[in-house]
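Take a look at the structure set out below.
The values are calculated or read from the model by the stated rules, or taken from the named source; none is laboratory data. Remember, predicted model here, so these are calculated numbers, not experimental data. Cβ sites come from the backbone with ideal geometry, for glycine too, and all protein chains shown count toward neighbours.
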Amino acid sequence: MKFAYSLKQKTKIAVLLFLIMACTILIRLLEDRSIKNMEKAFSSLYNDRLVPATDIFYISEKLYAKRFLLETFVYSDQNKLSAQQLNNKLKTYDKHIDTLLAKYEKTFLVKNEKNHLTELKVKLLENKVLEKNILLNANTLEKTALRKLYDSNAEQSFLDISNTLSQLTKVQTVVGEQLKEESQKIVRGTNLYSTLQLLIAIIIGALIVSILAASNVMNIRNDNFNLN
């Protein structure tokens with residue numbers, strides 16, 4: 001009878017310890033997955049949002065420089081650049097912009113971002129055509145006619161490109177906010193796993209204490225039985 005009772009208690013303890021072990025392993029696996037997801041989220045925040053946002057700024061900077069050169073060429077009476085020299089400078093900026101765009105395209109792009117990027121490439125191509133048209137007519141048209149040509153097409157082209165770049169910047173902000181919220185959820189999940197691990201440690205401690213207490217009770221009963 002005593003042996004059967006002891007076996008039953010040991011079985012209960014073994015089952016409980018097995019469940020605790022299984023829970024500990026599961027929590028550990030979930031915690032590892034959370035850490036990987038957090039690392040992925042932070043990596044994406046830097047590589048797919050922060051870096052592209054910086055590249056967009058540089059594209060805007062190059063675009064402004066192109067616009068300044070072209071406007072100076074068209075409007076200034078003291079312009080010292082020839083059409084060929086201006087063309088060479090514009091091509092240099094175009095190469096820089098193309099390099100930045102190629103780098104941007106290698107990052108993870110959401111659907112809305114892809115659409116804006118495609119639109120940007122089209123508008124940049126249209127802008128190059130307009131610039132070429134102005135430069136081709138620079139030596140044949142009078143300044144007044146050249147300015148009208150710029151005002152009617154090129155100026156609006158630069159504004160359209162600038163607006164598209166602004167849309168891409170907004171995408172970085174929106175998606176970056178989503179990544180931040182995702183990271184916060186992962187952190188809350190990790191805190192929950194830590195709390196569960198603490199509870200399991202408390203349960204193990206309580207189980208050890210109860211086993212020791214039960215063992216002492218059994219020893220006392222055995223001693224009393226032997227005395228009788």
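Quick check on the stretch 200-212: of everything there that is surrounded by fewer than 12 Cβ atoms within 10 Å (Cβ to Cβ) and not polar (S, T, N, Q), which residue is nearest to PHE108 (Cα to Cα)? Top of the filtered list is ILE202. Is it true that some residue in the stretch 88-99 is closer than 30 Å to GLN197 by Cβ, out of contact with any Leu (no Cβ under 6 Å at 6 or more places or on another chain) and either at pLDDT 85 or above or of a type in the set (Phe, Trp, Tyr) (or both)? The answer is no; no qualifying residue exists. Would you say THR54 is without any contact (Cβ under 8 Å) to a residue 60 or more places away in the chain, under 22 Å from the mean Cα position of the chain (by Cα) and under 25 Å from ILE161 (Cβ atoms)? Considered against the rule, which asks whether it is without any contact (Cβ under 8 Å) to a residue 60 or more places away in the chain, under 22 Å from the mean Cα position of the chain (by Cα) and under 25 Å from ILE161 (Cβ atoms), THR54 comes out as yes.
State the number of residues belonging to the stretch 106-122 that are of a type in the set (D, E, K, R) and either modelled with pLDDT of 95 or more or over 19 Å from ALA41 (Cα atoms) (or both). Adding up the residues that qualify gives 3.
Entry remark, the stretch 174-202: residues being in contact (Cβ under 8 Å) with a residue 24 or more places away in the chain, of a type outside the set (Lys, Arg) and over 17 Å from ARG28 (Cα atoms) number 5 in total. If the condition is being in a loop (DSSP other than H, G, I, E, B) and under 20 Å from ASN153 (Cβ atoms), then the stretch 55-103 contributes SER76, ASN79. Total residues in the stretch 81-105 satisfying the condition of being within 30 Å of PHE42 (Cα to Cα) and of a type in the set (S, T, N, Q): the figure is 1.
Every residue, every condition in (1) surrounded by fewer than 17 Cβ atoms within 10 Å (Cβ to Cβ); (2) within 30 Å of MET38 (Cβ to Cβ), yes or no:
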position	(1), (2)
HIS116	no, yes
LEU120	no, no
GLU142	yes, no
ARG147	yes, no
SER152	yes, no
SER162	yes, no
THR173	yes, yes
GLU181	yes, yes
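Within the stretch 78-92, at least one residue is without any contact (Cβ under 8 Å) to a residue 40 or more places away in the chain and β-branched (Val, Ile, Thr).
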